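Rule-based calculations on the coordinates, nothing more; no lab input. Given the structure is predicted, the values throughout are model-derived calculations rather than measurements. No Cβ is skipped: glycine too gets one built from the backbone with ideal geometry, and neighbour counts run over all protein chains shown.
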Amino acid sequence: MPACLRRAARLLCALPLVLAILPRAAAAAGTPIPALTAWNEPGPSTLVRPLGPAPWPPSDPAAREAWAEIAMLEDTRATDLSRLIGHLQSSADALVRWRACRAFARLQDSTAIDPLLDAVQRDSSPMVRAEAAFALGQIGSRQATTALIYVVREQRDRGVRARALEALGKIADPAAAGVITAQLTRGDAELAREAAIACWRLADSTTAPFLSEGSKSKDTLTRAFCAYAMERAALPEFTIKALTRLIEDPDGTVRAYAARALGRQRSPLALAPLLEACGDKDFRVRVSALRAVGTRADSTALPQVLAGLGDADPAVREIAAAAALALRSRDAQVALRRALMDPDPAVRLAAGRALGGLLGDDAWSDLRPLLADLERRVRAGMLDALAAL
């Protein structure tokens with residue numbers, strides 16, 4: 001067996017032990033275990049767990065047998081779904097019906113739409129209704145739009161409504177924009193977050209005014225998701241003002257998403273707040289702002305890019321090097337040459353690629369030492385870059 005496969009096998013064998021020891025080690029060190037979260041914030045290396053664990057198989061023997069059959073049909077990618085439909089429609093055990101919906105979500109077969117529509121509206125278990133809504137979103141057929149809109153408006157269970165909003169976003173039917181945007185300002189944080197993400201999936205500029213209002217929420221994640229959605233719902237007369245406000249938000253995650261979205265706005269008014277964000281105290285915001293500056297490719301931002309190449313955080317320096325290439329300004333070559341000796345290998349590689357892109361064959365003498373770099377990925381990256389000269 002090759003050495004890399006042996007190492008991978010050893011790591012896999014050790015994984016259960018590490019997972020078992022981790023909570024005890026954290027408790028012994030006095031480190032609190034993070035609470036359950038629905039979303040992994042960019043940047044911090046926190047432990048993230050699912051919002052709700054999948055249920056265990058049922059204890060009843062007949063139900064366990066049905067559960068096993070569903071798993072077999074799913075694993076074999078069965079084309080005849082009559083047995084799955086039968087379990088969904090006739091099983092008295094909610095866990096079996098839930099498992100059938102999960103199988104439909106993974107199979108993504110449009111022939112299951114009618115039984116899933118029936119389940120999402122009439123099943124007695126909220127768990128099953130929520131999973132049926134999720135499955136409809138995975139299938140992605142607009143045939144389900146009307147029923148899911150009704151679920152969002154009329155269902156009492158918040159979890160079912162949240163999964164219906166998620167499904168409407170995945171289906172991306174413009175007819176659902178009204179019911180989705182209505183949830184942004186209703187005061188329910190969980191539904192507002194799902195609505196904002198659904199707006200991102202819709203990528204419809206008509207949602208911009210509602211996202212602007214939703215970005216005034218007291219809930220941090222709602223503001224962050226609204227900023228995230230405005231990236232794909234660019235309507236500058238609404239989004240620029242909202243994002244300029246959000247880029248001064250007390251929360252770093254919100255500011256980072258606002259900077260990212262400003263880079264996608266088709267307006268010169270987006271540049272000034274972006275340039276200011278390049279000096280933010282949070283490295284995540286500086287990364288997003290410099291990446292956005294590179295997206296816009298406006299040479300006005302060259303001083304901020306040069307400052308980023310000297311930032312204390314290596315992630316910022318790496319993105320600044322990529323932004324220097326996007327600006328296509330040879331005035332950055334002195335700072336990029338200094339970055340070739342950066343202690344961080346990712347920065348050296350990014351600086352080498354930028355110099356190669358800016359100077360072409362003239363960069364050969366600067367890039368040749370990187371072919372002997374101690375880091376293998378730097379050497380490999382330089383070979384690719386030099387081959388493109």
When the convex hull of its Cα atoms is projected in every direction, mean area for segment 168-306 (nm²): 7.5
Any chance you could get the radius of gyration and Dmax over the Cα atoms of segment 309-389, in Å? 11.1, 31
As a test of the formula, what do you get for the chain when each DSSP H run with n ≥ 4 contributes -39,500 (n - 2.57) and the sum is divided by the residue count, at 222 nm and rounded to the nearest 500 deg cm²/dmol? -20000 deg cm²/dmol
I'd like to compare 330-339, 125-134: which one has the highest average count of other Cβ atoms within 10 Å, and what's the full order after that? 125-134, 330-339
Protection proxy ranking, peptides 85-98, 315-328, average beta carbon neighbours within 10 Å, highest first: 315-328, 85-98
How many Lys pairs in the chain lie less than 24 angstrom apart by Cα atoms, where the lysines are 8 or more positions apart or on different chains? 5
In debye to the nearest 20, the charge dipole size for the chain, taken about the Cα centre with +1 at each Lys and Arg Cβ and -1 at each Asp and Glu Cβ, equals 440
Placing +1 at every Lys and Arg Cβ and -1 at every Asp and Glu Cβ, with all other atoms neutral, what dipole size does segment 289-389 have around its Cα centre, in debye to the nearest 20? 120
Contact order normalised by residue count of the chain, Cα under 8 Å, 6+ apart, percent: 6
For segment 231-343, what size does the Cα cloud have along each of its three principal axes, sorted from largest down, in whole Å? 43, 27, 19
With N set to the residue count of the chain, report its C-alpha Rg divided by 2.2 N^0.38 Å to two decimal places. 1.20
Can you find, among S124, Q143, G169, the residue sitting farthest towards the positive end of the charge dipole of the chain, where Lys and Arg contribute +1 and Asp and Glu -1 at Cβ? G169
Whole Å is fine, so just give me how far the alpha carbon centre of segment 163-196 lies from that of segment 342-385. 46
State the extension gain, in nm to one decimal, for the chain segment bounded by E276 and A307, taking 0.36 nm per residue of separation less the distance between their alpha-carbons. 9.9 nm
Can you list the DSSP H helices in the chain whose Cα atoms extend at least 18 Å along the helix axis and whose mean Kyte-Doolittle hydropathy is 0.5 or higher? 3-28, 126-139, 314-327, 345-359
Can you pull the percent of Cα pairs in segment 98-225 with separation above 26 Å? 17
Simple spin-label model, 7 Å along Cα-to-Cβ: R328 to T185 in nm? 4.2
